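A.B. asks: I have a structure I would like to understand better, so I am pasting it below and will then ask my questions one at a time.
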Amino acid sequence: MTEYRKDIINAAAAALPWEKLEDRNILVTGATGLIGGCLVEILMAHRERSYHVFAAGRDEKRAHARFARYWHDERFHFIKFDVSEPLAGDAVFHYIIHAASNASPVFFAKSPVEIIKSNVYGTANLIDYGRNHGMERFLYVSSGEIYGQGTGEKAFTETDSGYVDCATPRACYPSSKRAAETLCVAYAEEYGVDAVIVRPSHTYGPHFTGSDNRVFCQFIRNVLRGEDIVMKSDGSQMRSWCYVADCALAMLYVLLNGERGNAYNIADTSSVFSIREMAETLAHQAGRKVVFAIPEDARRRFSRRFLCRVCHRQAGGFGMETPCRRLAAEAADHDTGGNGEGKLNASTTTQDKASHISAASVPRRSGLQRTGGLAATTSCGRHWG
């Protein structure tokens, strides 16, 4: 059994109010993606499940490979459809988790229109369908990118809103995520829809797609091919990273315990480190090295890329060793599951005020250590411009 599979089983054993899902139908869109797939696996791994899981995606072949162990389970169902189109049929989905959105930067440049449609049209299509088919709760998977750019001088709290240059195709992702969040809140206000929102930070884990060009995917591919890691920047950009099994468990916690109309950050206070640190750790574990090939104009340009960082200087430093080692272990068995010590922390917010769920209210689970539980009081959404 892989370490990733153990993490899935441990997450499924968490002391959540699973009884709320009894005899319910749960639809998970983006089911073949990094986060959506992990959500499906945790739901299907719960021993006493009395609910049906509907995994929705566009690639049935990939879904079959990912969920082979559940494919013939009477409580597992695959639905092939694109969320940017209205969902047909009369099936009742009591819980809808909308996790379908391509987060790979290559698609921000290649298919910005489709990114917007998936986030905005997809959200509207699913909520409209749910309203007419007995939906009890809608969970929208947003992103820390909604906070925009920072100045590098102070942390963004959950009530802040940083600058996004809307006149660029790259804005397709954060702008459409913002719009979809507002759409959820509007449906809640106008039609009484029970909607909650989660904003995950940079999430890593196994089962990323071949087309995913996020940095951790690129670096893992490099070391798997026996190559040095070539960086085209100094790698000083800081990132808040979260292991996918912890991220998915936090989402299920919000699904079952979150307050209607609220947004929740999901991040890990122990896992904040630079891209360079990540590259160096991966290269060291694989016996390779990091090579810098920085264009001259990039040397002069201050990086303004997105960062959702957890503010935890009060907690005694970044504590990046364990998460980095886990990321390095992903390179060793990417196709069969992750490895290492994942940690869970989700800072929770409302739309109009910062609030926190106490760490004592979060279920503990073996195998995945955490620092402070869900919503540690030292954490907040953060950007560095």
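A.B. asks: Let me confirm something: among A63, A12, which residue is in contact with a His (Cβ under 7 Å, 6 or more places away or on another chain) and either among the small types (G, A, S) or modelled with pLDDT under 95 (or both)? Spell out the reasoning first.
C.D. replies: Numbers: A63 fails: in contact with a His (Cβ under 7 Å, 6 or more places away or on another chain).
Sole residue among the options that is in contact with a His (Cβ under 7 Å, 6 or more places away or on another chain) and either among the small types (G, A, S) or modelled with pLDDT under 95 (or both): A12.
A.B. asks: V120: touching a residue at least 40 places away in the same chain (Cβ under 8 Å), within 18 Å of Y191 (Cβ to Cβ) and in contact with a Ser or Thr (Cβ under 8 Å, 6 or more places away or on another chain), yes or no? Please lay out each step first, then the result.
C.D. replies: Details: touching a residue at least 40 places away in the same chain (Cβ under 8 Å): yes; within 18 Å of Y191 (Cβ to Cβ): yes; in contact with a Ser or Thr (Cβ under 8 Å, 6 or more places away or on another chain): yes.
Yes.
A.B. asks: Under 7 Å between Cβ atoms, at least 6 apart or on separate chains: pull out the pairs that start in the stretch 206-217 with a residue that is within 17 Å of T281 (Cα to Cα) and end on any residue that is at pLDDT 70 or above and of a type in the set (V, I, T).
C.D. replies: V215/I275
A.B. asks: Return only the number of the condition from (1) of a type in the set (S, T, Y); (2) crowded, with 24+ Cβ neighbours inside 10 Å; (3) not in a helix (DSSP H, G or I) that S50 does not satisfy.
C.D. replies: (2)
A.B. asks: For the stretch 33-48, give me each residue that is more than 19 Å from the chain's Cα centre (by Cα) and not aliphatic (A, V, I, L, M).
C.D. replies: H46, R47, E48
A.B. asks: Further question: Given the residues A12, A45, which is the only one that is buried (at least 20 other Cβ atoms within 10 Å of the Cβ), closer than 22 Å to A250 by Cβ, touching a helix residue (DSSP H, G or I) at 6+ places or on another chain (Cβ under 8 Å) and hydrophobic (A, V, I, L, M, F, W, C)?
C.D. replies: Numbers: A45 fails: buried (at least 20 other Cβ atoms within 10 Å of the Cβ).
A12 is the lone residue from the list that is buried (at least 20 other Cβ atoms within 10 Å of the Cβ), closer than 22 Å to A250 by Cβ, touching a helix residue (DSSP H, G or I) at 6+ places or on another chain (Cβ under 8 Å) and hydrophobic (A, V, I, L, M, F, W, C).
A.B. asks: Turning to a different aspect of this structure: Take the stretch 14-35 and flag every residue that is farther than 15 Å from K80 by Cβ, touching a Phe, Trp or Tyr at 6+ places or on another chain (Cβ under 8 Å) and outside any loop (DSSP other than H, G, I, E, B).
C.D. replies: L21, N25, I26, L34, listed by residue number.
A.B. asks: Within the stretch 182-235, can you find the residues that are at pLDDT 75 or above, in a loop (DSSP other than H, G, I, E, B) and among the hydroxyl-bearing types (S, T, Y)?
C.D. replies: Across the stretch 182-235, the qualifying residues are S201, S233.
A.B. asks: Would you check if T123 is of a type in the set (S, T, Y), at pLDDT 90 or above and either surrounded by 19 or more Cβ atoms within 10 Å (Cβ to Cβ) or assigned to a loop (DSSP other than H, G, I, E, B) (or both)?
C.D. replies: For T123, the condition - of a type in the set (S, T, Y), at pLDDT 90 or above and either surrounded by 19 or more Cβ atoms within 10 Å (Cβ to Cβ) or assigned to a loop (DSSP other than H, G, I, E, B) (or both) - is met.
The values are calculated or read from the model by the stated rules, or taken from the named source; none is laboratory data. Predicted, not measured: the structure shown is a model, and the values here were computed from it. Note that we place each Cβ from the backbone using ideal geometry, even for glycine, and neighbour counts take in every protein chain shown.
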